[in-house]
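Encoded as structure tokens, the structure appears first; notes follow it.
The values are calculated or read from the model by the stated rules, or taken from the named source; none is laboratory data. Just so it is clear, the model here is predicted, and its values are computed rather than measured. Neighbour counts are summed over all protein chains in view; Cβ atoms, including those assigned to glycine, are modelled from backbone coordinates with ideal geometry. Side chains are part of the model used for accessible areas, which takes the heavy atoms of the whole protein and leaves out ligands, DNA and RNA. Shrake-Rupley method; radii C 1.70, N 1.55, O 1.52, S 1.80 Å.
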Amino acid sequence: MHLCVIPGDGIGREVVPAALDVLRATGLPLEITEAEAGWECFQRTGTALPDTTLAAARAAAAVLFGAVGSPSFPVPGYRSPIVALRKALDLYANIRPVRDHQPPLADHKRTSSSAIDGRSSVVDLVVVRENTEGMYAGRERLEDGGDTAIAERVITRRASARIVRAAFELARARSQAKSHQPKVTIVHKANVLRETCGLFRSTALQVASEYPDIAYEEMLVDNCALQLVQRPAHFDVIVTTNMFGDILSDVASYWGGGLGLAVSANLGEARALFEPVHGSAPDIAGQGIANPLAAIGCVALLLEWLAARPDASKPATLSTAASRIRAATAQIQASGPHTPDMGGNARTADITQAVIAALA
Ligand code: NAI
Ligand code: MG
């Protein structure tokens, strides 16, 4: 199994090695190409995403990515390498699952809603985020001698149709695996963004009509943010445009135990990149206390994706390794040790060792 591994910046360099230790402990045969990207790479080499990194990502069966730290001020020549990588590899579907994990607050609200459409009253949802266009298309410019800044939000029928199709297919697959009634929530702001969200909405409704067996609803993005806080168990699959999905998935991640546990898959037709939802966390980087469970969870997702490939060699071995990692991380989530973000005082290395011990 040939993987390209891009730790990136900050805690990416702490949680990715932890996840690789867990992967190695499964005993699977591995060939790993480590590649660089990010702000530190930009400062050292003048490029945030070297051609060699792009080539390594293309050559591998899958990519494991940590996080990059992008500055919030304009830097000539700098563009977020993860956004560029998603575009270059055409990883159009960002899949961000959230499963219930005893959140520290608002417990009563979460459990007071009764079962909906056969789904349990606990949170088990997926945000499906369009990953190649929208507000993150990178089309920004200054006018008026710098007094006006303009961002172009690009929405195409093609990209909207394929992301909504991915959401409906995922809803169907989830309902078969979990035997509940599938439901897709189409999230937009077409009442204000009449052309861009309007096109996303009309395309989504067209795709929805191809899936008469799957229920769907529309929701305006601001209301969706509130509903994710108030009634998270209401949701099954949420599909939306790039920036809305970015924001809503951070909100949703709360119910899964926070950013330290939130995993994501970036999927294209033939390629995939797996990364924690979190960023480079400069506030805790270098302290050895980052939660590696999101990155470790990404390894499980990666193995499951490889196992499901039509050309997978030894899919059963890959699936077994993924299940072992899932079981081990679930055990650590439930009974510790925990890093400070989960209320404990363990270090990254303690969690890694505990997961490896639980694999056995
Ligand atoms: P962030 O996700 O890095 O951190 C937000 C908060 O969550 C921080 O308090 C951090 O300490 C905590 N946190 C995140 N991951 C954690 C973990 N594994 N264990 C324990 N605590 C964790 O987001 P923030 O602070 O908004 O952005 C920091 C940098 O990361 C920025 O430069 C931003 O551009 C970049 N970023 C990169 C992403 C990527 O590479 N895909 C995604 C999001 C942000
Ligand atoms: Mg984000």
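Okay, here's what the table says:
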read-out	value
Residues in region 155-186 reached by a label modelled at Ser202 [backbone nitrogen below 16 Å; 7 Å Cα→Cβ]	155-161
Gyration tensor verdict on the chain (Cα atoms; rounded if a/c is under 1.5, prolate if a/b is larger than b/c, oblate otherwise)	rounded
Accessible area of region 111-256 belonging to carbon and sulfur atoms, whole % at 1.4 Å probe	52
Asn345-Arg172 pseudo-label distance in nm [points 7 Å out on the Cα-to-Cβ vector]	5.3
Theoretical gain in end-to-end length, Ala151 to Ser209 [0.36 nm per residue, Cα-Cα removed]	17.6 nm
Cβ-derived FRET efficiency at R0 41 Å, Asp21 paired with Thr45, nearest 0.05	0.90
Distance (nanometres) between label positions extended 7 Å along Cα→Cβ at Ala270 and Arg58	1.2
Accessible area of the chain divided out per residue, in Å², using a probe of 1.4 angstrom	43
Among 148-156, 190-198, 253-261, the order from most to least packed when residues are scored by Cβ within 10 Å on average	253-261, 190-198, 148-156
Residues Arg141 and Glu218, FRET efficiency given R0 of 45 Å [Cβ-Cβ distance, rounded to 0.05]	0.90
